[in-house]
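Below is one structure, written out as structure tokens; comments come after it.
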Amino acid sequence: MNPLPADLREPIERASGTLGPFGRRVLWYPEIGSTNDVASTLAERGEPEGTVIVADAQTAGRGRLGRTWASPGGAGLYLSIILRPDPSFAGLVTLAAGVAVAEGIERATGLPVVLKWPNDVYVEGRKLAGILAEAVSSFAVVLGIGINVLPAAYPQDVAARATSLETELGRAVDRGAVLAECLVAFALRYDDLRSTRSADVVRAWKARAAATFGRRVAWESSGVQLEGIAQGVDGDGALLVQTPQGMLRIISGEVRWI
Ligand code: BT5
């Protein structure tokens, strides 16, 4: 097994009292296809909730719907967390992770960030981080998180829309502190979900996504193009969109913010 580099190990060790199950086993890969794939395989083999897989580089980092996540070596945090959520709150894991990533980034660096349904972390119109929750089976969810830390040579289409912590802050950022604070924040938010405080998570998510409400979104449903104005999210994390046909709930899938 590869030892965790000191800049990640030390902040995680310091935070261990507040990490719940999430700092017990942290597996490190200098380079891997996708941390979500490693986590899925481990989850299928019975790995307990809380194990975290972190990579320095991914050669096949994934976004949603077959998209790629650019994961150049040493430029970002690429991690996956194995969860075994109760079905009653599994659908809120992505929102809880968004809140936690925003809180962790702010605590570690002071940079304010904005959330955009369902899984994006933005700073002034540029994407800083993304979240990919994948159900492995009825008993496990793999929560993938990618956070850009350093400016990197991203592919052209990504470069035009992406940003990094160091780009925004104009100074060096301690990636270990960001990782540890995000895990601490996630431990608290996941505990909210487990302890029937989902409403707190949704409220925190809405406060951070307020800038995106009132904006126009478009999506496709059964081959038909629909459009409306995003109004907020409901208690299950579904996006509420005002359309000429009335208020619609979007549970998953792709919306385009226009
Ligand atoms: C996401 O997908 O935003 C989810 C990203 C999750 C990445 C993590 S890294 C650890 C774990 N292991 C994995 O394999 N994945 C997870 P989506 O909403 O589909 O956004 C993908 C889109 O974001 C791409 O089509 C690009 O336009 C853009 N993109 C790709 N790489 C980016 C980057 N590094 N920074 C900002 N935008 C990026």
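The values are calculated or read from the model by the stated rules, or taken from the named source; none is laboratory data. The structure presented is a predicted model; accordingly, all values stated were derived computationally and were not measured. Positions of Cβ are generated from backbone atoms using ideal geometry, with glycine treated the same way; all protein chains shown enter the neighbour counts. Only protein heavy atoms, including side chains, enter the accessible area calculation; ligands, DNA and RNA are left aside. Shrake-Rupley method; radii C 1.70, N 1.55, O 1.52, S 1.80 Å.
Listed here are the residues, each with its yes/no results for (1) of a type outside the set (Phe, Trp, Tyr); (2) within 18 Å of Val123 (Cα to Cα); (3) modelled with pLDDT of 95 or more.
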residue: Arg171; (1), (2), (3): yes, yes, yes
residue: Asp174; (1), (2), (3): yes, no, yes
residue: Ser195; (1), (2), (3): yes, no, yes
residue: Asp200; (1), (2), (3): yes, no, yes
residue: Ala210; (1), (2), (3): yes, yes, no
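Only one entry of Gly74, Gly91 meets the criterion of being under 14 Å from the mean Cα position of the chain (by Cα) and either open to solvent by less than 10 Å² (accessible area, probe 1.4 Å) or farther than 14 Å from Thr35 by Cβ (or both), and that entry is Gly91. Taking the criterion of being under 14 Å from the mean Cα position of the chain (by Cα), part of a strand (DSSP E or B) and under 21 Å from Ser34 (Cβ atoms), the residues of the stretch 114-137 that qualify are Asp120, Val121, Lys127, Leu128, Ala129, Gly130, Ile131, Leu132, Ala133, Glu134. Against the test of being open to solvent by less than 50 Å² (accessible area, probe 1.4 Å), away from the ligand (no atom under 16 Å from the Cβ), under 26 Å from Arg161 (Cβ atoms) and of a type in the set (Gly, Ala, Ser), the options Ala6, Ala102, Ala108, Ala57 yield a single qualifying residue, Ala108.
Residues in the stretch 121-162 that are closer than 16 Å to Gly66 by Cα and of a type outside the set (A, V, I, L, M, F, W, C) were compared, and the one that is most open to solvent (accessible area, probe 1.4 Å) is Asp157. Looking at Val113, is it within 16 Å of Leu193 (Cα to Cα) and either touching a His at 6+ places or on another chain (Cβ under 6 Å) or more than 9 Å from the ligand (Cβ to nearest atom) (or both)? Against the criterion (within 16 Å of Leu193 (Cα to Cα) and either touching a His at 6+ places or on another chain (Cβ under 6 Å) or more than 9 Å from the ligand (Cβ to nearest atom) (or both)), Val113 does not qualify.
Here Met1 fulfils each of the conditions (1) of a type in the set (A, V, I, L, M, F, W, C); (2) open to solvent by 60 Å² or more (accessible area, probe 1.4 Å); (3) in contact with a helix residue (DSSP H, G or I) (Cβ under 6 Å, 6 or more places away or on another chain) apart from (3). In the stretch 163-178, the qualifying residues are those that are in a helix (DSSP H, G or I) and within 12 Å of the ligand (Cβ to nearest atom), and the one that is most open to solvent (accessible area, probe 1.4 Å) is Thr167. Determine whether the stretch 132-144 contains at least one residue that is modelled with pLDDT under 95 and under 20 Å from Val173 (Cβ atoms). Looking for residues that are modelled with pLDDT under 95 and under 20 Å from Val173 (Cβ atoms), one finds none in the stretch 132-144, hence no.
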